[in-house]
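Below is one structure, written out as structure tokens; comments come after it.
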Amino acid sequence: MSLRMIMVGPPGAGKGTQAVGLCERHNIIQVSTGDLFRAHAAAGDELGQLADSYTSRGELVPDEVTNAMVRERLAQPDMANGFLLDGYPRNPSQVGALDVMLIEQGLKIDLVLELTADDDEVFARLLNRAKEQGRADDNEDVIRHRIDIYHASTKPLLDVYQERGILLKVDGSGTIDEVANRIDATIAGFLTQVSRFVA
Ligand code: ADP
């Protein structure tokens, strides 16, 4: 069944890791705006350079740029079997843009998964990732800024999906497997109430 979902959570909550596992288990495609921006930046193209000037400061890339990139990706044929949006939408205005794209494609989001983690925990994890992987936006000031932006810009969009009755909240603390099991149980429970998924 072609599951279409969104994953939301603070930077460092483990979204990326959990998204990869979820996509394998559900045989759907991960669309990570952060990964797309990093791929463009690595290629050194115009979009990559522009994105990098924002991501390196922990700022959101402007909505028009991000929305256009996602619109193009969602129009590709491999999206038909389901997808997981990781890192998009990231503010209420992107929610509106996504709504329009989905109407154009005749698609609906089944669920939004919020992976929770407290600020101290994500801060420590990101500092550690900085040491291990040296990602350009993983330094102390930029990390703090990304966490602030999450509270100010991203958290408010959860209310929208809560009102639509498709928001699922999962605790992101514990080992990767513990969190994965929690996510699977929560999604499985929810899908028993969604007619399209009930046999
Ligand atoms: P994390 O959430 O762990 O910080 P991501 O890989 O999801 O990492 O995103 C890295 C950066 O890419 C963000 O800090 C932001 O600058 C940019 N970015 C990613 N997704 C979006 C988006 N939907 N809108 C605007 N900017 C984005």
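Would region 82-96 turn up any residue that is touching a Pro at 6+ places or on another chain (Cβ under 6 Å) and either of a type outside the set (Lys, Arg) or over 27 Å from Ile187 (Cα atoms) (or both)?
Checking region 82-96: at least one residue is touching a Pro at 6+ places or on another chain (Cβ under 6 Å) and either of a type outside the set (Lys, Arg) or over 27 Å from Ile187 (Cα atoms) (or both).
Which residue is farthest from the ligand (Cβ to nearest atom), if the candidates are limited to region 1-28 and must be among the polar types (S, T, N, Q) and open to solvent by 60 Å² or more (accessible area, probe 1.4 Å)?
Here the residue is Asn27.
Just to be sure I understand the filter: pairs with C-beta atoms under 9 Å, separated by 6 or more residues or on different chains, first member in region 1-21 and under 21 Å from Ala80 (Cα atoms), second member buried (at least 22 other Cβ atoms within 10 Å of the Cβ) and among the hydroxyl-bearing types (Ser, Thr, Tyr). Which pairs pass?
Here the result reads Ile6/Tyr88, each pair linking region 1-21 to a residue that is buried (at least 22 other Cβ atoms within 10 Å of the Cβ) and among the hydroxyl-bearing types (Ser, Thr, Tyr).
Looking at (1) more than 19 Å from Ile143 (Cα to Cα); (2) in contact (Cβ under 8 Å) with a residue 40 or more places away in the chain; (3) near the ligand (Cβ under 8 Å from one of its atoms), find the lone condition where Arg90 falls short.
(1)
Determine whether region 15-26 contains at least one residue that is touching a Ser or Thr at 6+ places or on another chain (Cβ under 8 Å), at pLDDT below 95 and within 18 Å of Arg182 (Cβ to Cβ).
Yes: region 15-26 contains one or more residues that are touching a Ser or Thr at 6+ places or on another chain (Cβ under 8 Å), at pLDDT below 95 and within 18 Å of Arg182 (Cβ to Cβ).
For region 145-199, give me each residue that is farther than 14 Å from Met5 by Cβ, among the charged types (D, E, K, R) and part of a helix (DSSP H, G or I).
Matches in region 145-199: Arg146, Asp148, Lys155, Asp159, Glu163, Asp177, Glu178, Arg182.
With respect to Tyr54, is the statement that it is open to solvent by 50 Å² or more (accessible area, probe 1.4 Å) and within 11 Å of the ligand (Cβ to nearest atom) true?
So Tyr54 fits the description; yes.
Which of the following residues is farther than 22 Å from Pro11 by Cβ and in contact with a helix residue (DSSP H, G or I) (Cβ under 6 Å, 6 or more places away or on another chain): Leu157, Leu168, Leu191?
Criteria check complete, one pass: Leu191.
Find the residue count for region 110-141, including only residues that are assigned to a loop (DSSP other than H, G, I, E, B) and surrounded by fewer than 19 Cβ atoms within 10 Å (Cβ to Cβ).
Adding up the residues that qualify gives 5.
Does at least one position in region 66-84 carry a residue that is within 25 Å of Asp171 (Cβ to Cβ), buried (at least 21 other Cβ atoms within 10 Å of the Cβ) and touching a residue at least 60 places away in the same chain (Cβ under 8 Å)?
Yes, that holds for at least one residue.
Yes or no: Val31 within 22 Å of Lys155 (Cβ to Cβ), at pLDDT below 95, of a type in the set (Val, Ile, Thr) and within 13 Å of the ligand (Cβ to nearest atom)?
Considered against the rule, which asks whether it is within 22 Å of Lys155 (Cβ to Cβ), at pLDDT below 95, of a type in the set (Val, Ile, Thr) and within 13 Å of the ligand (Cβ to nearest atom), Val31 comes out as no.
The values are calculated or read from the model by the stated rules, or taken from the named source; none is laboratory data. Computed from a prediction, not measured in an experiment: that's the story for all the values here. Glycine also receives a Cβ, built like all others from the backbone with ideal geometry; neighbour counts cover every protein chain displayed. What goes into the accessible areas is simple: the full protein's heavy atoms, side chains included, and nothing from ligands, DNA or RNA. Shrake-Rupley method; radii C 1.70, N 1.55, O 1.52, S 1.80 Å.
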